[in-house]
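Please read the structure below before turning to the comments.
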Amino acid sequence: MAEPIEDYALLSDLATAPLVSKRGSIDWLCFPRFDSPSSFGALLGTTEHGRWVIAPEDDSAVVISRRYVESTFILETIWQTSQGRVKVVDFMPVGRSGSALLRRVMGLEGDVGLWQEFSVRPEYGAIKPWMSRVRSGNADTLLAMAGPDAWALHCDPLPHPHPHGHTNSFVVSAGEQTDFELAWFPSYRALPERTDFDEALNEALVYWTTWAGNCRQDGPYSPMVKRSLLVLRALTHFETGGIVAAPTTSLPEEFGGTRNWDYRYCWLRDAALTLESMLTHGYESEALKWRDWLLRALAGDPEDMQIMYGVAGERHLEERELGHLPGYNGAAPVRIGNAAASQYQADVVGEVMVALERLRLAGGREDSFSWALQRALLSFVEKHVDDKDFGLWEMRGSTRYFTHSRVMMWAAFDCGVRAVRDHGLTGPVEQWTRLRDKLREEIMVRGFNRTLNTFTQSYGGTQTDAALLVLPQVGFIAYDDEHMLGTVAKLESELVTSDGLLMRYLTQTGVDGLEPGEHPFLACSFWLVEQYARTGRRADAGNLMDKLVGLANELGLLSEEFDTTGKRMAGNFPQAFSHLALVRAADAMHRVDLLSLAVVHEPS
């Protein structure tokens, strides 16, 4: 049985991102890339689907401390047992040509007995690899091989075969240490040499602390902002620049339900929002890399545009179910691929255009390729301006005129107009202005219900949607406009739970084509924090922000949703969208606080 989602820690080498449980078990690891088939898949099944455990043998052993070393993804876990104390260090080397995961057990007190269980199960736990012992240098190595993939376990002593893998026991005394390395490599290449543990550890420490040291952030939530930005970096492929929405698939939004999706892909929306966050916090070079990923992914006929791509821009993300995996604590089905890749979501071009406009405002220069592509995207929006879509939340019901989507189309044209008028770029500005203004008039007539005094989820409807909180964020309407305040009041009465968190929408309406039931979506609650802060409700903003930050685990990681009844995380983990929204909410509160201070100290 998998651990609670919040009990997992994230590691990263900027190419893949394993999850380590509080009990010392690596239950999820996809080598060599975020979206590769898993080598350890116990997270979505049982121990038979692969895991790597290093933990005390003492059943009464407890974890008394777990933390990341400074601003890194070097994980330190301290165990207390009846025999003494040990520290386990887990990390991945960064910036090296190979893929490896390193673990070290350090004796702190007494003589502590530990055990290791090593069970590689490639192809999402469906395959048992061929196992053998080979000589490597002056020591033996446990080699696993299956088709194109090979895994080498370096440690002394090596584990011995048992029915479900390999296991062994060992003792670490105070002042001693034992090192372990798991290296993945293509099976047609030679066995890689063992990594120098201390050298790799120092390199990882220097990389992460240097990167985090460039973060511009002040305010009371700066530690969580920095950790969130680190998570976004950890989920970004170092070569391609693609950022995955999460490193996991099929962690359930509703426990025991079917809302289980593969998030190990790159959404244009997430990439655009990440670009904005990086610009705000001093990472201009990273922002440009995300821009380049966006442009490469979008290159081609705009009619072939998708809402998401593979890590390197791959387009074929066919969704299928893995029947051999029972799912996280029985939550089936387990899906790989994502059918939403083929959906038409009318907001996506707007998301991209807004991000690229903010890059221009920050001094980023357009080249002939990037602006030509943006013009082509605006032509695409113009061609499809009358088409219904599936909306921000990737509804699997029927298409509609979603108000949020229509606003983002407005934003796309608005960015095009400003690119010409404010930045001197060329384009049919009169035509874009006409289309922008026509959309605004349409939205105010068809997307706002005057009887209910609220914007609605879709034209002609009566339900609200948390996505409506984005309207002022893109400049469509002021945060304190009476139409927006009416919408917020309706959201509070309709979608805020008794615990003060915000649902995306009412799933019981059937609008998404799925069985009803999910938990509050954390990004939406962070949007509400921003709305409160921008409209003079500073106390409400602070209370909600404190509640949301308090939902993170002790390592500062957030999932997609939170089960307020079970008091546990839900959905894929850690979730880029949640961390992006946290950064935005903290920034909004900090700006409001600075403005308040400026007013207080203004000379009379």
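Here are some notes:
- Taken together, Glu442, Glu482 contain a single residue that is more than 18 Å from Trp393 (Cβ to Cβ), surrounded by fewer than 17 Cβ atoms within 10 Å (Cβ to Cβ), out of contact with any helix residue (DSSP H, G or I) (no Cβ under 9 Å at 6 or more places or on another chain) and of a type outside the set (Ser, Thr, Tyr), which is Glu482.
- Here the condition is being more than 24 Å from the chain's Cα centre (by Cα), modelled with pLDDT of 95 or more and farther than 21 Å from Ala234 by Cβ; of Arg85, Arg104, it holds for Arg85 alone.
- Taken over the stretch 160-188, the criterion of being of a type in the set (D, E, K, R) and out of contact with any helix residue (DSSP H, G or I) (no Cβ under 6 Å at 6 or more places or on another chain) is satisfied by Glu176, Glu181.
- Annotation note: Cβ proximity below 9 Å between a residue of the stretch 458-481 that is among the aromatic types (Phe, Trp, Tyr) and a residue that is modelled with pLDDT under 95 (sequence gap 6+ or interchain) occurs for Tyr459/Arg400.
- Selected residue (criterion: modelled with the highest pLDDT) from residues of the stretch 483-537 that are β-branched (Val, Ile, Thr) and in a loop (DSSP other than H, G, I, E, B): Thr535
- The residues on offer are Ser97, Ser65, Ser82, and the sole one that is touching a residue at least 12 places away in the same chain (Cβ under 8 Å), surrounded by fewer than 20 Cβ atoms within 10 Å (Cβ to Cβ) and in a loop (DSSP other than H, G, I, E, B) is Ser82.
- Residue list for the stretch 17-50, filter: in a strand (DSSP E or B) and either among the acidic types (Asp, Glu) or on the phi > 0 side of the Ramachandran plot (or both): Asp27
- Pair list, Cβ < 7 Å and 6+ apart or interchain, from the stretch 412-435 residues that are among the hydroxyl-bearing types (Ser, Thr, Tyr) to residues that are surrounded by 16 or more Cβ atoms within 10 Å (Cβ to Cβ) and at pLDDT 95 or above: Thr426/Val420; Thr433/Val417
- Check on Thr462, buried (at least 22 other Cβ atoms within 10 Å of the Cβ) and β-branched (Val, Ile, Thr): no
- Of all residues in the stretch 37-51, those that are buried (at least 20 other Cβ atoms within 10 Å of the Cβ), out of contact with any helix residue (DSSP H, G or I) (no Cβ under 6 Å at 6 or more places or on another chain) and either under 19 Å from Leu102 (Cβ atoms) or modelled with pLDDT under 95 (or both) total 1.
- Residue-level analysis places Arg396 among those that are in a loop (DSSP other than H, G, I, E, B), basic (Lys, Arg) and touching a residue at least 12 places away in the same chain (Cβ under 8 Å).
- When residues of the stretch 164-202 are limited to those that are surrounded by fewer than 17 Cβ atoms within 10 Å (Cβ to Cβ) and acidic (Asp, Glu), the one nearest to Val89 (Cα to Cα): Asp198
- In a residue-by-residue description of the stretch 296-306, the property of being closer than 29 Å to Leu468 by Cα, assigned to a loop (DSSP other than H, G, I, E, B) and not charged (D, E, K, R) applies to at least one position.
- Qualifying residues in the stretch 52-62 (those that are part of a loop (DSSP other than H, G, I, E, B) and at pLDDT 95 or above) - the one surrounded by the most Cβ atoms within 10 Å (Cβ to Cβ): Ala61
- When residues of the stretch 445-460 are limited to those that are in contact with a helix residue (DSSP H, G or I) (Cβ under 7 Å, 6 or more places away or on another chain) and of a type in the set (Val, Ile, Thr), the one nearest to Ala412 (Cα to Cα): Thr456
- Of the residues making up the stretch 148-185, those that are of a type in the set (Phe, Trp, Tyr), within 29 Å of the chain's Cα centre (by Cα) and farther than 18 Å from Glu48 by Cβ are Phe180, Trp184, Phe185.
- Considering Ala570, Ala586, Ala541, the condition of being buried (at least 24 other Cβ atoms within 10 Å of the Cβ), more than 17 Å from the chain's Cα centre (by Cα) and hydrophobic (A, V, I, L, M, F, W, C) is satisfied by Ala586 alone.
- All positions within the stretch 548-557 that are without any contact (Cβ under 8 Å) to a residue 60 or more places away in the chain and assigned to a loop (DSSP other than H, G, I, E, B): Gly550, Leu551
- Residue within the stretch 119-138 that is surrounded by 22 or more Cβ atoms within 10 Å (Cβ to Cβ) and assigned to a strand (DSSP E or B) present: yes
- When the stretch 306-321 is filtered for residues that are crowded, with 20+ Cβ neighbours inside 10 Å, closer than 25 Å to Gly397 by Cβ and in contact (Cβ under 8 Å) with a residue 40 or more places away in the chain, the ones remaining, listed by number, are Ile307, Met308, Tyr309, Leu317.
- Condition met for Phe31 (crowded, with 22+ Cβ neighbours inside 10 Å, more than 27 Å from Gly566 (Cα to Cα), modelled with pLDDT of 95 or more and in contact with a Pro (Cβ under 6 Å, 6 or more places away or on another chain)): no
- Selection of first residues in the stretch 499-512 that are free of Cβ contacts under 8 Å to residues at least 40 places away in the same chain and of second residues that are surrounded by fewer than 16 Cβ atoms within 10 Å (Cβ to Cβ) and not acidic (Asp, Glu), restricted to Cβ pairs under 7 Å at least 6 apart or on distinct chains, gives the following pairs, ordered by first then second residue: Met503/Thr497; Thr507/Pro516; Thr507/Gly517; Gln508/Pro516.
- Look at the stretch 255-270: where a residue is within 13 Å of Gly571 (Cβ to Cβ) and a partner is in a strand (DSSP E or B) and of a type in the set (Val, Ile, Thr), sitting 6+ places away or on another chain with Cβ atoms under 9 Å, you get Asn260/Thr249; Trp261/Thr249; Asp262/Thr249; Asp262/Ile336; Tyr263/Thr249.
- Pair list, Cβ < 8 Å and 6+ apart or interchain, from the stretch 581-596 residues that are hydroxyl-bearing (Ser, Thr, Tyr) to residues that are assigned to a helix (DSSP H, G or I): Ser596/Arg538
- In the stretch 150-177, the residues that are charged (D, E, K, R) form Cβ pairs under 8 Å with partners that are surrounded by 15 or more Cβ atoms within 10 Å (Cβ to Cβ), at six or more places apart or across chains, as follows: Asp156/Thr178; Glu176/Met106; Glu176/Gly107.
- With respect to (1) in a loop (DSSP other than H, G, I, E, B); (2) at pLDDT 95 or above; (3) small (Gly, Ala, Ser), the lone exception for Gly241 is condition (2).
The values are calculated or read from the model by the stated rules, or taken from the named source; none is laboratory data. In this text, all values refer to a predicted model and were calculated from it rather than measured experimentally. Cβ coordinates were reconstructed from backbone atoms using ideal geometry, including for glycine residues, and neighbour counts include every protein chain displayed.
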